[in-house]
């Protein structure tokens, strides 16, 4: 009796926040792998702000998800049937498996999906979607390669309790910088200071961000790692130092806009301060992921580095869970668990 | 009988375009230089978009001009009385002399005003305010140091017929890049192509800028040198290549805004394209001006490099002439001639 493979497919391009009608929840047979192919049982998937961008039409760093296609998502899983000796049954793997319970990967597709074996001695399944996965790699390489922080400098990161933010601030701290987070609400800020050990965390929902930046960044801002865009980016621009670096990683405040994106009105602060705003895409650093994973795993073993995930269960909860990202309801890296092993 | 020194002083901080009432036109006695001092007869002054910024209150790369102070301006002149053996009578000099007919420079002020001797064998007085002066230095160092163009790349510059733009495009051409200008009106575009020898020039006032960029930058935009901001910056952002560099030099379209500056709504193109937007201030390169001046003067002697100025006469015309910059009426570097030698 063939198993069912439940899948979320993109039914329509959303206007603003994705709605139920933008998805179709379908079921297909679970295929058998032919020679060279691998069948992965998807155990957990990563919910990322970037997914919102993949749902839009238009030129970007990867093609949009087509209408009727299974929604793209990173995930971790286990090989349950294999026609490919490189990936035997029982291996744990990560890759772009999509929002579905089983993913058949063709031999020639392995590069595209970026399937790679993961070692559960280095971290747990959700950690492989968080600090050892794309968000961790994004924070690590975005901060170090684009932000280029020097010891003693002040690094500010928005979305500090989120997947990318927690990596950015902890790497900054370990590299000898003053790490200052921006997050929404007291609980997240307490977590950022007490568990992630940032030097400070500003609750943008309470009080005046500009005043708080003055207080917590008394020497100004040397690196700003921006995950949110909008008003927060504009306010930080007023506090940057000469030769500051702004890493443009995302703009979650703008992704569901039905009006045009709000550009940073204070961008001329770049001129006055001879500062730079630079974009990054994590895939460019793929050849160096293994090195970063090993370093972060080592920090975790030494107790210097903490990883926090917000795990929701059940594939049927995918649409509502994704939208938690945009309301800022998630606390830590948002993961959807589809199955036990 | 002492000569009169006519001066324009800032009377009020303008709201929007500077108005007549924002200036006071006053007269003072011409002072005698004491020991160490130099008296310069100001022959020509430079009218620059940056002057609008100096009239505003607030933190910037140099302090604002105070109310009641002589308006700051770069100029060229001649030493007519001297108590300083470094600057004997008859020397031609450039410096920040202000909008006045005579400027007394104190020994200890020489660094502040950046007074330096100029050699009229290298270029004429207005050329020393243009391609051999601040605008030329801005275009030269901004393009080469911040834009980092490589031969074969496409360099786009707005305000192409203006002071900075003419240097940027010609240096780009000489360095083996495709040089594409953006300017207002057919006459300026013809000048940019036929005399400055850019590969193309787009008239932003006629037709669709995006389509014209597609046509004239078939390989996309690698370096954009931005003098204007606003809609033009936003449109160019949609055409940049991976790893493009945007040099933020100015935003003349926004300087007289009475509403907030329009930030670049398409700034997330920086993310998708791993591109950079970086500000520059010419003063940072002061130690290397002489090298750049010699190189540009050499290109002029070889007939590879053209300089164009728009010279208006009479100090009394200062307020109206300054405003020509913001309406785009000037054709070439705008210079106000105060006196013959």
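Take the Cα gyration tensor of the range B:179-251, multiply each eigenvalue by 5, square-root it, and list the three semi-axes largest first, rounded to whole angstrom.
Equivalent ellipsoid semi-axes, largest first: 18, 13, 12 Å.
Testing the spin-label approximation: label points 7 Å from Cα along Cα→Cβ at residue A:256 and residue B:316. State their distance in nm.
Result: 6.5 nm between the two label points.
Other chains' Cβ within 10 Å of B:277-283 residues: what's the mean?
Per residue, the number of nearby Cβ atoms from other chains is 6 on average.
Any idea what the residue A:320 label distances to the other copies are, label 7 Å down the Cα→Cβ vector, nm, shortest first?
Once sorted, the set of distances for residue A:320 reads 7.1 nm.
Counting only other chains, and only Cβ atoms inside 10 Å, what mean value do you get across the residues of B:241-250? Mind showing how you got there, number by number?
Values: counts 0, 4, 3, 1, 2, 3, 1, 10, 1, 2.
Taking all residues of B:241-250 together, the mean is 3.
Please report how far the C-alpha centroid of the range A:221-300 lies from that of the range B:260-286, rounded to the nearest whole angstrom.
Using only Cα atoms, the two centres lie 12 Å from each other.
How shielded is A:52-61 by partner chains, expressed as the average number of their Cβ atoms within 10 Å of its Cβ atoms?
The mean count of partner-chain Cβ atoms within 10 Å per residue comes to 2.
Looking at chain A, what % of its DSSP beta bridges pair antiparallel, to the nearest 5?
The antiparallel fraction comes to roughly 55 percent.
Can you list the copy-to-copy distances for residue A:302, using a point 7 angstrom from Cα toward Cβ, in nanometres, shortest first?
For residue A:302, the other copies' label points sit at 5.4 nm, shortest first.
Regarding the range A:134-283, what is the average projected area of its C-alpha convex hull, in nm²? Walk me through the intermediate numbers first.
Working: hull surface 33.1 nm².
That works out to 8.3 nm², a quarter of the Cα hull's surface.
Could you give the length gained on full extension between residue B:341 and residue B:4, defined as 0.36 nm per residue of separation minus the Cα-Cα distance, in nm?
Stretched fully, the residue B:341-residue B:4 segment lengthens by 119.7 nm.
Where a ≥ b ≥ c are the square roots of the eigenvalues of the C-alpha gyration tensor, would you call the range B:29-173 rounded, which needs a/c under 1.5, or, failing that, prolate if a/b is larger than b/c, or oblate?
It comes out prolate by the Cα gyration axes.
Hey, what number do you get for chain A at 222 nm if only DSSP H runs of n ≥ 4 count, each worth -39500 (n - 2.57), divided across all residues, to the nearest 500?
Numbers: 11 runs with 86 residues, N = 341.
Only helices count here, giving -6500 deg cm²/dmol.
Could you quickly flag the chain B residue whose beta carbon comes closest to the rotation axis taking B to A, and that distance in whole angstrom?
Nearest residue, distance rounded to whole Å: B:263, 2.
Could you order peptides B:266-279, A:256-269 by the average number of other Cβ atoms within 10 Å of their residues, highest first?
B:266-279, A:256-269
On a 0 to 90° scale, report how tilted helix B:163-174 is relative to the longest principal axis of chain B, with both axes built from alpha carbons and the result rounded to the nearest 10.
Between helix and principal axis, roughly 50 degrees.
Compute the helix-to-body angle for B:289-301: its Cα long axis versus the longest principal axis of chain B, expressed 0 to 90° and rounded to tens.
Approximately 70 degrees, to the nearest 10.
With all pairs of different alpha carbon atoms counted, what Kirkwood hydrodynamic radius in Å does the protein assembly as shown show?
Working: mean 1/r = 0.0360 Å⁻¹.
Taking every pair of different Cα atoms in the protein assembly as shown, averaging 1/r and inverting gives 27.7 Å.
Using mean Cβ contacts within 10 Å as the protection proxy, how do B:285-295, A:37-47 order, highest first?
A:37-47, B:285-295
Arrange the peptides A:298-307, B:138-147 so that the one whose residues have, on average, the most other Cβ atoms within 10 Å appears first.
The most tightly packed comes first, giving B:138-147, A:298-307.
Test of understanding: what is the full-extension gain from residue A:116 to residue A:301, defined as 0.36 nm times their sequence separation minus their Cα-Cα distance?
64.4 nm
Distances from residue B:3 to the same position in the other copies: list them in nm, one decimal, shortest first, using label points 7 Å from Cα along Cα→Cβ.
9.4
Can you give me the Cα centroid spacing of the range A:45-89 and the range B:60-102 in angstrom?
Cα centroid of the range A:45-89 versus Cα centroid of the range B:60-102: 64 Å apart.
Of the DSSP beta bridges with both residues in the protein assembly as shown, give the percent that are antiparallel, rounding to the nearest 5.
If we restrict to bridges inside the protein assembly as shown, about 55 percent are antiparallel.
Within the P(r) computed for chain A, what percentage of the Cα pairs occupies the region above 31 Å?
More than 31 Å apart: 32 percent of the Cα pairs in chain A.
Values quoted throughout were computed directly from the atomic coordinates according to the rules given, and no laboratory measurement underlies them. All values derive from a computational prediction rather than experimental measurement. For neighbour counting, all protein chains shown are included, and Cβ atoms are generated from backbone atoms with ideal geometry for every residue, glycine included.
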